[in-house]
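I have placed the structure first, in the form of structure tokens, so that the comments after it can refer back to it.
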Amino acid sequence: MTDNSTQTSNNAVEAVSSLKDKFLKIINSWQLKVGIVLSVVVAIGFLSFFWSHMVAELGMKAWSKSSGATPIRCMIRDTNGDEYVSCSAILNDQIVPLECGSSIFNVGCRINYGAAAAPAVRQPKP
């Protein structure tokens, strides 16, 4: 009876040792290391590409919450390099064009009427 118990115990130890060896072989493989490095590079690439969009969405949602508007969407990227992303919201059943900051140091939005804005009124000179 002790031989059977000892043999079962030895088989269990061998199975654990075999699993440990397989695990260490996987951990030490170059394919895993290359896969992890490539995954990190791709994740950093996606984060850097979508960063301005995520910050602009954060600003648009904050602006919408404070103004009582309904946020719609933001563009993916800053297309003209002014560190603002174009966004839209609905306020009083009208679409409001916004420019939201794409930098974490400039979170917030400003209303962008663009060409639809009324020209500045000049005061006549006396």
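Every number in this text was worked out from the coordinates using simple rules, so none of it is lab data. Fair warning: this is a prediction, and the values are worked out from it, not measured in the lab. For neighbour counting, all protein chains shown are included, and Cβ atoms are generated from backbone atoms with ideal geometry for every residue, glycine included.
Quick look at the values:
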read-out: Residue range of the chain that is longest and free of chymotrypsin sites (Phe, Trp or Tyr not before Pro) which are both DSSP loop and sparsely packed (at most 13 other C-beta within 10 Å); value: 1-104
read-out: Descending semi-axes in whole angstrom, ellipsoid equivalent of the stretch 1-82, from the Cα gyration tensor; value: 57, 20, 6
read-out: Those aspartates and glutamates that a straight Cα-Cα span of less than 17 Å connects to K22, excepting residues fewer than 8 apart in one chain; value: E14
read-out: Residue with peak Gaussian network fluctuation, the chain [Cα springs, cutoff 10 Å], from L47, L19, L91; value: L19
read-out: Mean separation of Cα contacts under 8 Å, 6 or more apart, over the residue count of the stretch 2-114: relative contact order %; value: 20 percent
read-out: With Cα atoms, 0 to 90° folded angle of helix 30-67 axis to the chain main axis; value: 30 degrees
read-out: Cα-based helix-to-principal-axis angle, 2-27 vs the chain, degrees rounded to 10; value: 40 degrees
